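Q: What follows is a single structure, and I will ask about it in a moment.
The values are calculated or read from the model by the stated rules, or taken from the named source; none is laboratory data. Please read all numbers here as calculations on a predicted model, not as lab measurements. Virtual Cβ from ideal backbone geometry, glycine too; neighbours counted across all protein chains shown.
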Amino acid sequence: MRKGKTPITNFLKSVSSPLNTRTQSSFSSLTDSHLKKPVFEKPPLRRDDKDGLISRLCRENKFKDAIILLCQQKRLKEAIEILDLLDRSETCPSAAIYSALLHLCLQQRAVKEGKRVHAHIKSSGFVPGTFISNRVLDMYSKCESLMDARKQFEEMTDKDICSWNTLIRGYAKAGQLEEARQLFDEMPLKDNFSWSTLISGYVRYDRPKEALELYRRMHKDEKLEGNKFTVASAFAACAALPCLRLGKEIHGHIMRTGLASDAVVWSSLSDMYAKCGSVEQARHIFDEMLDRDVITWTTMIGRYLESGRRKEGFELFSELLSSGVSPNEFTLSGILNSCSDFASEDIGKQVHGYMTRIGFDPFPFAALVHMYSKCGNIESAKRVFEAVPQPDLLSWTSMISGHAQNGQPDEALRYFELLLKSGTKPDHITFVGVLSACAHAGLVDKGLAYFHSITEKHGLTHTADHYACLIDMLSRSARFREAAEIIDRMPMKPDKFLWAALLGGCRIHGNLTLAKRAADALFELEPDNATTYVTLANIYATTGMWDEVAKIRKIMDGKGVVKKPGSSWIKVKGKVQVFLVGDKTHPKTDEIYGFLEELSTRMKEEGYVPDTNFVLHDIEEEQKELNLTHHSEKLAIAFGIISTPSGTPIKVFKNLRTCGDCHTAIKFISKIVAREVIVRDSNRFHHFKDGICSCGDFCDTNPVPIILSILFSSSASSDHLITVDQKSCLCFSACTRRPVRLGSSSTSIPEAREMFLSVPCFGKF
């Protein structure tokens, strides 16, 4: 830079001549030596200032006022640049300037700029006093720069109770509870904030017993009543244990102090009762409240929904709408999420209509996209998504996961690429959806590339969920060696979801060795989870190891482990009908079973052969086939078909995974009755139409045993024809399991046998 050409003089030449003259005059008090130094790297005012107020303040040497104004406009860097100018003009800064700058640093979590301001305080000769010293301490603490905060605290000679509380809060929020407790014990004087901060810290980091012990000490030893936040934390600790007795004791005490009517206290109180199994008591308190705001309503609705009592939750939501209190975005999101969990699309649609009439910000629309996706209505989810001007990450993630769950992996990955093009940064949850899409489509190499991009391209850290998806992907494709190697070298301990994914893959492909390893790990992590026992027994049963199946049953009986009964439900004419395995309690039982018998005959004529490997009992084949016919989802589908007009889609929900035989059978049913059948099991959606499933048969079933049972069963007649969908499974690679579709619509059983035996990979099975 040439002599005399500082940023200030360059800036002065860029403005109009009259203003230039006045501005140069305003800086006449600065010596040449000052002007030889760059005062700031860019002009302290912006060209788009409408009134030029900051420019005028600088011309009049009112740097303090300019800094305050810039702080009000959230222009931190420019304010700090003028702070340097103020220093060189030998103008003494004030506490108001430092306070405004430190507060803005705190708001923007700008610890680097905060350190510059702190350094300026030290070098300027300004005597900060307790107020500014506490501002510095608060800035470091809330910016999570706790080493700097502790250093500032130690250097302070005029600490007050606020100084102690600020650092304790910083430690407690960061989970450094030992440091917080040591500082707390050293305090010369404590107030309600001191106690509340540490108690809430214990609750936040899952140490409820210590939280309640501290609350008892505060109340009984120190004779302090506590404030609403202290009491709320105490109730949260009772809920975490859970301990209804202690919660009732605290409730009784605050009834005498008048705190029970406070919204914060009430919310934590109702949460305590609900989590301790007493939602009725929470509702009783709610009904007694005279002034119920939207937060109170939302909290009570949430208590019902969280405890599985969705009917009461939805009814209370209806009461809210007629009470004159308007729901907020959190109320609507809670209702929509509950509709997602319980697949209550009709209620979700009503909420959608309300949102459209009232007009809400995009925030609840992410929950709306999620709701439609989880209810299997991916087209409605897409319409809502496309109507949002600027979708947030949650909306993008819901679309990706929704398409993956509904058997549209290509669309899921397309939306992920659109997300990247939009400039939105994916998070670890987004990648769970992406990896899940690859896993259920058999796109292993593509999935591996996405997995590595999480760290290499997007700067994120792999989570346990990512590894679980990866193992699911590899094991579904029978790449067990790679899966085992990854498990052995992954940076964290495998969790139950990873082992369950591996066990599921072993069940599909009959890998007994790895299945035992996965099951043993799950027995340690979840000794009372019946799913592990049942899955392992299923693997034994498919290989005819009935003695091992009997041993597993004996172990389950000895430990009191009970298999969750399979249940399916369907909504017809506004009423939910629930069916259990072999259920004969329904008023239309005779019609349902008669229709299933008729369907079974027609299905066998079309080439269906029951896969009795899914019956975990060593009984006659005929009885096994009968047992398969009475699975809960088949009963629900049969009821739906006989109870609705021809052509109406059938939507069934199941609490467990759909077995391989039911999956095959429903494909036949959808073709025979010319209906779309949608089944949501515990894992994903299956859309059956014209004999084909949206999952492309890349689900929980190894197609090879099914093909073998179809082609080589004694009941397979030479004049039977095998359908295109079955035939497409005959020519595929054992490694990728990618089907090769043939040209003709059907072929004979002998011809299909010859085709299958000609596949080079057949010997691997």
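Q: Taking residue 425, is it more than 15 Å from the chain's Cα centre (by Cα) and in contact (Cβ under 8 Å) with a residue 24 or more places away in the chain?
A: Considered against the rule, which asks whether it is more than 15 Å from the chain's Cα centre (by Cα) and in contact (Cβ under 8 Å) with a residue 24 or more places away in the chain, residue 425 comes out as yes.
Q: Please go through region 551-575 and pick out each residue that is surrounded by 13 or more Cβ atoms within 10 Å (Cβ to Cβ) and closer than 30 Å to residue 649 by Cα.
A: 566, 567, 568, 569, 570, 571, 572
Q: Continuing with the same structure: Return a yes/no flag: does region 582-596 have any residue that is at pLDDT below 90 and within 30 Å of residue 551 (Cβ to Cβ).
A: There is at least one residue in region 582-596 that is at pLDDT below 90 and within 30 Å of residue 551 (Cβ to Cβ).
Q: Examine region 354-370 for a residue that is under 16 Å from residue 684 (Cα atoms) and not in a loop (DSSP other than H, G, I, E, B), and state whether such a residue exists.
A: Scanning region 354-370 turns up at least one residue that is under 16 Å from residue 684 (Cα atoms) and not in a loop (DSSP other than H, G, I, E, B).
Q: Still on this structure, please answer the following. Hey, among 138, 158, which residue is assigned to a loop (DSSP other than H, G, I, E, B) and either farther than 24 Å from residue 222 by Cα or hydrophobic (A, V, I, L, M, F, W, C) (or both)?
A: Result: 158 is the single residue among 138, 158 that is assigned to a loop (DSSP other than H, G, I, E, B) and either farther than 24 Å from residue 222 by Cα or hydrophobic (A, V, I, L, M, F, W, C) (or both).
Q: Still on this structure, I have one more. Mind telling me which of the residues 96, 66 ends up being assigned to a helix (DSSP H, G or I), at pLDDT 85 or above and not β-branched (Val, Ile, Thr)?
A: That would be 96, the only listed residue that is assigned to a helix (DSSP H, G or I), at pLDDT 85 or above and not β-branched (Val, Ile, Thr).
Q: Here's another thing I want to ask about it. Within region 249-307, track down each residue that is within 18 Å of residue 226 (Cβ to Cβ), β-branched (Val, Ile, Thr), at pLDDT 85 or above and surrounded by fewer than 20 Cβ atoms within 10 Å (Cβ to Cβ).
A: Selection gives nothing.
Q: Here is a follow-up. Please give the number of the condition residue 375 fails out of (1) crowded, with 24+ Cβ neighbours inside 10 Å; (2) under 18 Å from residue 429 (Cβ atoms).
A: (2)
Q: Could you give me the residue pairs with C-beta distances under 9 Å whose first residue belongs to region 566-585 and is in the same structural domain as residue 654 (by TED's automatic domain parsing) and over 9 Å from residue 632 (Cβ atoms), whose second residue is assigned to a strand (DSSP E or B) and charged (D, E, K, R) wherever it lies, and which are 6+ apart or on separate chains?
A: If the second residue must be assigned to a strand (DSSP E or B) and charged (D, E, K, R), the pairs left are 570/651; 571/651; 577/571.
Q: Quick check on my filter: what residues within region 605-653 are assigned to a helix (DSSP H, G or I), modelled with pLDDT of 70 or more and of a type in the set (A, V, I, L, M, F, W, C)?
A: Within region 605-653, 635, 636, 637, 638, 639, 641, 642 qualify.
Q: Go through region 586-604 and report how many residues are within 14 Å of residue 635 (Cα to Cα) and either part of a loop (DSSP other than H, G, I, E, B) or of a type outside the set (D, E, K, R) (or both).
A: 11
Q: Could I ask something else about it? Within region 466-492, can you find the residues that are within 27 Å of the chain's Cα centre (by Cα) and aromatic (Phe, Trp, Tyr)?
A: 467
A quick yes/no check of all residues on (1) under 17 Å from residue 347 (Cβ atoms); (2) assigned to a loop (DSSP other than H, G, I, E, B); (3) within 23 Å of the chain's Cα centre (by Cα):
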| position | (1), (2), (3) |
| --- | --- |
| 265 | no, no, no |
| 273 | no, no, no |
| 280 | no, no, no |
| 283 | no, no, no |
| 287 | no, no, no |
| 292 | no, yes, no |
| 311 | yes, no, no |
| 317 | yes, no, no |
| 325 | no, yes, no |
